[in-house]
Every structure is written in C-alpha cells, then in structure tokens.
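Before any comments, here is the structure.
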Amino acid sequence: MRRGAGSHGSERSGSGAAAMPGLLLGDEAPNFEAETTQGRIRFHDFLGDSWGILFSHPRDFTPVCTTELGRAAKLAPEFSKRNVKMIALSIDSVQDHLSWSKDINAYNGEQPEEKLPFPIIADANRELAVKLGMLDPDERDKDGMPLTARVVFVFGPDKKLKLSILYPATTGRNFDEILRVVDSLQLTAYKKVATPVDWKPGDSVMVVPTLPDEEAKKLFPKGVFTKDLPSGKKYLRYTPQPE
Ligand code: BEZ
C-alpha cells in the first residue's frame, strides 16, 4: 500500500526525529559532483547564473521514462528560451544512459544517436536519489531495491528551490505543465503578481495581497480590476500580465 500522504512532513517536523533527506522550497541546491552523459559536473557550476530543472526517472529502458525524456528533448529549445538548464537523473550508469538515449531519439523519430540536448546524471548506487529524497518506496526493481520517483526540482538563479513536484513512478509527468509553471515562477519572481488557477501566459494575473491599492495603481498602469464579493473584501484584484 502507498505510504500515507504527509508522513514525510510529520517525520520532518517531529522534535528530535532524524532529519529526512530531500529538499524544501527555499533550500539551496546541494553542490554535488556527479558523472553524467556529458562528463563530470559540479552542480552549482552546471547551473551557473541560469534557472535549472532537475528531473528524476525510475530507471533506464522503461516505457514511461522513455516517453518523458523524448518529450523533454523536444521541449529543450523552449527551456533554453527561458534560460533554464535541464538535467535528468536515473539510477543507472553513464553507459546505460548513452545506450538508452539512442532509444529515446528513435522514439522521437530521430537518428538513434547517444546525444540528447541535456545531460543525464548516473546514480547507479542511488546516493543522490537518497540525498534528494527521490526514492519511491512502492516501486522496486527485481532485487527489491526502491526505484526513483518522478521528481521535478526547479532552481532559481540564486540556486534556491522554487518548485518541487513529486509523482510516483507509475504516473508520467506533463512537460507542458512544467513549462507553464516555469513561466509563472519567472513572472512572479520579478513582478508583484501571482498567477490564478489554470493561468496561461498572456492571461490576466492577480495583484499580490500584500501590495496596497495605491501602490498597485502606480505599479500596474494597464489597470487593476477588482471583483466584488459577498464579503465586501476587495482582495480579488486582477491586472493584465505585466511586461
Ligand atoms: C516506466 O517508466 O514505465 C515505469 C518505471 C517504473 C515503474 C513503472 C513504470
């Protein structure tokens, strides 16, 4: 049976409990060293001043992972446009990753080359997966060892964790949603706005609740539109997406 939701959090917060591995929003990315399909990296040097996305996979040569990495490869120019460096992780060797990359390119209808537009970290002994809290206890390999879950970490240029998504091994992610989230993260990092439910780039955004009306009027010259609510409270304030 799947572990109860929240068990991770309660163990974390319990006084005196052993520290759980993993990353929380605002944590700095660990500056790990790792072998990848594009050579040895030190994570902070790899990120440089860019945004970064680290996404983990249960295993090489598995069906859902192949479709995910194929989609990630197709969307690489979109991540690059947004100044986001991509890096994947799977608990196999560099040699396996390179061989699997040929399948991923073939799945995409391209030449079966070893090259993908981003590196894949080799974590054959699961050291990083454990450190980053990526293991899925419900999905195990033939030796009974847990596989990696489908984690997405997005780091800002300050190397702090801005977003964390955790899917079990059996559910593939939606990479269009990840791009949408990056658009929201980048917009809201620089403007005093938040993006509402189902927001897409170009839609109106919400003025953050902490910004007084007078300042909002000055900051958003395209106008601030408040929706009347039964409570009489004027907190639903929209503005066109700022440039
Ligand atoms: C997959 O990538 O297809 C997969 C990996 C582990 C468990 C289930 C599915």
Practice task
Test S90 against the criterion of being surrounded by 19 or more Cβ atoms within 10 Å (Cβ to Cβ), hydroxyl-bearing (S, T, Y) and under 16 Å from R126 (Cα atoms), and give yes or no.
Solution key: yes
Exercise for the section: Under 9 Å between Cβ atoms, at least 6 apart or on separate chains: pull out the pairs that start in segment 192-221 with a residue that is over 19 Å from K234 (Cβ atoms) and end on any residue that is hydroxyl-bearing (S, T, Y) and surrounded by 10 or more Cβ atoms within 10 Å (Cβ to Cβ). Expected result: T195/S184; T195/T188; W199/S184; P201/S184; D203/T195
Exercise for the section: Could you grab me the full set of residues in segment 218-240 that are more than 18 Å from T195 (Cα to Cα) and either among the aliphatic types (A, V, I, L, M) or not in a loop (DSSP other than H, G, I, E, B) (or both)? Expected result: K218, L229
Completion exercise
Of (1) touching a strand residue (DSSP E or B) at 6+ places or on another chain (Cβ under 9 Å); (2) in a helix (DSSP H, G or I); (3) within 20 Å of I165 (Cα to Cα), G70 fails just (1)
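When you scan segment 64-98, how many residues do you find that are among the hydrophobic types (A, V, I, L, M, F, W, C) and either within 15 Å of E139 (Cβ to Cβ) or within 12 Å of the ligand (Cβ to nearest atom) (or both)? Show your work before the answer.
At the first step, the residues of segment 64-98 found to be among the hydrophobic types (A, V, I, L, M, F, W, C) are 64-65, 69, 72-73, 75-76, 79, 84, 86-89, 91, 94, 98.
Adding the requirement that they be either within 15 Å of E139 (Cβ to Cβ) or within 12 Å of the ligand (Cβ to nearest atom) (or both) leaves 64-65, 69, 91.
The total comes to 4.
Can you pull out every residue in segment 180-227 that is among the polar types (S, T, N, Q) and in contact with a helix residue (DSSP H, G or I) (Cβ under 7 Å, 6 or more places away or on another chain)?
Within segment 180-227, just T195 meets the criteria.
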Fill in the blank from the handout: The residue from L69, L25 that alone is crowded, with 19+ Cβ neighbours inside 10 Å, within 19 Å of the chain's Cα centre (by Cα) and at pLDDT 95 or above is L69
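Pick out, from segment 119-207, the strands (runs of 3 or more DSSP E) lying fully within it that include 2 or more residues that are more than 16 Å from the ligand (Cβ to nearest atom), among the hydrophobic types (A, V, I, L, M, F, W, C) and surrounded by 19 or more Cβ atoms within 10 Å (Cβ to Cβ). Explain how you work it out, then say what you get.
Values: elements: 120-122, 135-140, 146-148, 150-155, 161-167, 205-207.
Because the criterion is at least 2 residues that are more than 16 Å from the ligand (Cβ to nearest atom), among the hydrophobic types (A, V, I, L, M, F, W, C) and surrounded by 19 or more Cβ atoms within 10 Å (Cβ to Cβ), the strands (runs of 3 or more DSSP E) in segment 119-207 that meet it are 120-122, 150-155, 205-207.
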Practice task
Kindly indicate whether any position in segment 43-63 is within 13 Å of the ligand (Cβ to nearest atom), without any contact (Cβ under 8 Å) to a residue 40 or more places away in the chain and in a helix (DSSP H, G or I).
Solution key: yes
Handout entry: Test result for P77, exposed (fewer than 15 other Cβ atoms within 10 Å of the Cβ), farther than 26 Å from G22 by Cβ, under 21 Å from the mean Cα position of the chain (by Cα) and not β-branched (V, I, T)
Key = yes
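The values are calculated or read from the model by the stated rules, or taken from the named source; none is laboratory data. Computed from a prediction, not measured in an experiment: that's the story for all the values here. Neighbour counts are summed over all protein chains in view; Cβ atoms, including those assigned to glycine, are modelled from backbone coordinates with ideal geometry.
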